[in-house]
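Participant: Let me begin by handing over the structure; questions about it come next.
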Amino acid sequence: MPKFIFDELTGTPTILATNRAKRADQTGATGKKSEASKDAKPQVCFFCRGNESLTPEAVYQDADDWNVRVFPNKFPLAESHEIVVHSPDHEKDIPDFDHEQNVKIVRAFLNRTNYYTTQGKEVMVFNNRGGKAGASILHPHSQIVALPGFPGIIEMEKNKALRYMNEKNSCYWCDAVKDGLMETNLVYESKHFALLVPEASRWSYEMILIPKNHRPNFEYMDEVEINDFARIMKAALYAYDVLFGRPDRNFWIHNQRYEPYHWHVGFIAHIKVMGGLELGAGIWVSDKATPSDAAKTLSVHVKECYEKETLSLA
Ligand SMILES: [Zn+2]
Ligand SMILES: [Zn+2]
């Protein structure tokens, strides 16, 4: 584990993880949603407070009476695959929480990332909400996978960043923040972060969050940056909830242990489904808004949430 299979022609990686076939499915993500009506007893949520004995033992929690809890995935994709339960609340998620709770979630991400990077592994934190986004459990949670390295998009980014560094003696992402994207595709700029719509958005309203401080990974954020990160992450997700009525969505944190790389976060709302062009040709169809129009629309809601959050902390 994990067993990667690479397409001979395109290099596209697949993880073979048939051990996951038996996992519970509350969202229809695997195409065979377990129907509560068929069960004699109501479904028990493994992630709710009080049901800790139904999951593997915690590897991290913020307190004995936890607010955030991390444990190994019962159906792992890889040797190191963990679940980060966002809170004991079965319904509420990052856009609904107060700032303190979101900081606790960020600290859980940081703690587990640090645990694996000190073992020489690369780490990806990702979040799936809803069946269309790949979640099989309803209770809000994120996941952490650690591997010797991530083939696919992260590998391509690493290679491109190295070539860019060799040619221009600067960082691709630092330049993206300084460049024209800030004029046309900026959603929101805080003291430490720029939230942008990528020019080549795969689906409309995709966002990328780029920290202004150049670092390959997010492990060495200081307290001020951690707080800013929690605030802008909430605002980005809040904007999707308001605009698309709590859509299925993903976000992911791209980290690398070494230069030249610049950590960043991707956000995508499932306002479409993968079609034949996406799957057959690897060509995405962004047909809801231009990147600059999407940025303008998103910015209203991101600003509202970010500023309200800042006010409540003042
Ligand atoms: Zn629950
Ligand atoms: Zn940089």
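Participant: Listed residues S142, S170; which is within 16 Å of ligand 2 (Cβ to nearest atom), modelled with pLDDT of 95 or more, open to solvent by less than 70 Å² (accessible area, probe 1.4 Å) and outside any helix (DSSP H, G or I)?
Facilitator: S170
Participant: In this structure, is A135 within 27 Å of G282 (Cβ to Cβ) and touching a Leu at 6+ places or on another chain (Cβ under 8 Å)?
Facilitator: no
Participant: Pull up the stretch 298-314, narrow it to residues that are of a type in the set (A, V, I, L, M, F, W, C) and in contact with a strand residue (DSSP E or B) (Cβ under 9 Å, 6 or more places away or on another chain), then point me to the one that is surrounded by the most Cβ atoms within 10 Å (Cβ to Cβ).
Facilitator: Initially, the stretch 298-314 is screened for residues of a type in the set (A, V, I, L, M, F, W, C), giving 298, 300, 302, 305, 311, 313-314.
With in contact with a strand residue (DSSP E or B) (Cβ under 9 Å, 6 or more places away or on another chain) added as a condition, the list becomes 298, 302.
On the way: L298: 27, V302: 25.
Across the stretch 298-314, the extreme among qualifying residues is L298.
Participant: If I ask for residues that are within 14 Å of E122 (Cβ to Cβ) and not hydrophobic (A, V, I, L, M, F, W, C), which ones from the stretch 151-171 would you list?
Facilitator: Answer for the stretch 151-171, where residues must be within 14 Å of E122 (Cβ to Cβ) and not hydrophobic (A, V, I, L, M, F, W, C): P151, G152, E155, E157, K158.
Participant: Right, something else. Before we move on, is L237 open to solvent by less than 10 Å² (accessible area, probe 1.4 Å) and either aromatic (F, W, Y) or at pLDDT 95 or above (or both)? Full working, then the answer.
Facilitator: On the way: open to solvent by less than 10 Å² (accessible area, probe 1.4 Å): yes; either aromatic (F, W, Y) or at pLDDT 95 or above (or both): yes.
Yes.
Participant: What number of residues within the stretch 174-206 satisfy the criterion of being among the charged types (D, E, K, R), open to solvent by 30 Å² or more (accessible area, probe 1.4 Å) and either in contact with a Cys (Cβ under 7 Å, 6 or more places away or on another chain) or modelled with pLDDT of 90 or more (or both)? Outline the logic, then answer.
Facilitator: We begin by selecting, within the stretch 174-206, every residue among the charged types (D, E, K, R); these are 175, 178-179, 183, 189, 191, 199, 202, 206.
Next cut, open to solvent by 30 Å² or more (accessible area, probe 1.4 Å) only: 178-179, 183, 189, 191, 199, 202.
Still in the list and also either in contact with a Cys (Cβ under 7 Å, 6 or more places away or on another chain) or modelled with pLDDT of 90 or more (or both): 189, 191, 199, 202.
Residues meeting the conditions: 4.
Participant: Filter the stretch 209-247 down to the residues that are among the basic types (K, R) and assigned to a loop (DSSP other than H, G, I, E, B), then identify the one that is farthest from V106 (Cα to Cα). Break it down stepwise before answering.
Facilitator: Residues of the stretch 209-247 among the basic types (K, R): 212, 215, 231, 234, 246.
Still in the list and also assigned to a loop (DSSP other than H, G, I, E, B): 212, 215, 246.
On the way: K212: 18, R215: 17, R246: 21 Å.
So, considering only residues that are among the basic types (K, R) and assigned to a loop (DSSP other than H, G, I, E, B), the one farthest from V106 (Cα to Cα) is R246.
Quick grid of which residues meet (1) over 20 Å from V125 (Cα atoms); (2) at pLDDT below 95; (3) of a type in the set (D, E, K, R):
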position	(1), (2), (3)
T10	yes, yes, no
Q26	yes, yes, no
S37	yes, yes, no
N67	no, no, no
F71	no, no, no
F75	no, yes, no
S87	no, no, no
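Participant: Please work out which residue is surrounded by the fewest Cβ atoms within 10 Å (Cβ to Cβ), limiting yourself to the stretch 1-23 and to residues that are among the charged types (D, E, K, R) and closer than 18 Å to S80 by Cα.
Facilitator: From the stretch 1-23, those among the charged types (D, E, K, R) are 3, 7-8, 20, 22-23; that's our starting set.
Next, only the ones that are closer than 18 Å to S80 by Cα stay: 3, 20, 23.
Working: K3: 10, R20: 15, R23: 13.
Step by step, filter the stretch 1-23, then rank; the result is K3.
Participant: Another question, if that's okay. Wholly within the stretch 69-131, which strands (runs of 3 or more DSSP E) include no fewer than the required count, namely at least 2 residues that are open to solvent by 10 Å² or more (accessible area, probe 1.4 Å) and touching a residue at least 24 places away in the same chain (Cβ under 8 Å)? Walk me through it before giving the result.
Facilitator: Values: elements: 69-72, 80-85, 122-129.
Of the strands (runs of 3 or more DSSP E) lying wholly inside the stretch 69-131, those with at least 2 residues that are open to solvent by 10 Å² or more (accessible area, probe 1.4 Å) and touching a residue at least 24 places away in the same chain (Cβ under 8 Å) span 122-129.
Participant: Condition check: under 19 Å from M182 (Cβ atoms) and either at pLDDT below 95 or part of a helix (DSSP H, G or I) (or both). Does V265 satisfy that?
Facilitator: Values: under 19 Å from M182 (Cβ atoms): yes; either at pLDDT below 95 or part of a helix (DSSP H, G or I) (or both): no.
In short, no.
The values are calculated or read from the model by the stated rules, or taken from the named source; none is laboratory data. Note that this is a predicted model, so its numbers are computed, not measured. Here Cβ is always computed from backbone atoms with ideal geometry, including for glycine, and neighbour counts include all displayed protein chains. The protein model used for the area step is the full one, side chains on, heavy atoms only, and it has no ligands, DNA or RNA in it. Shrake-Rupley method; radii C 1.70, N 1.55, O 1.52, S 1.80 Å.
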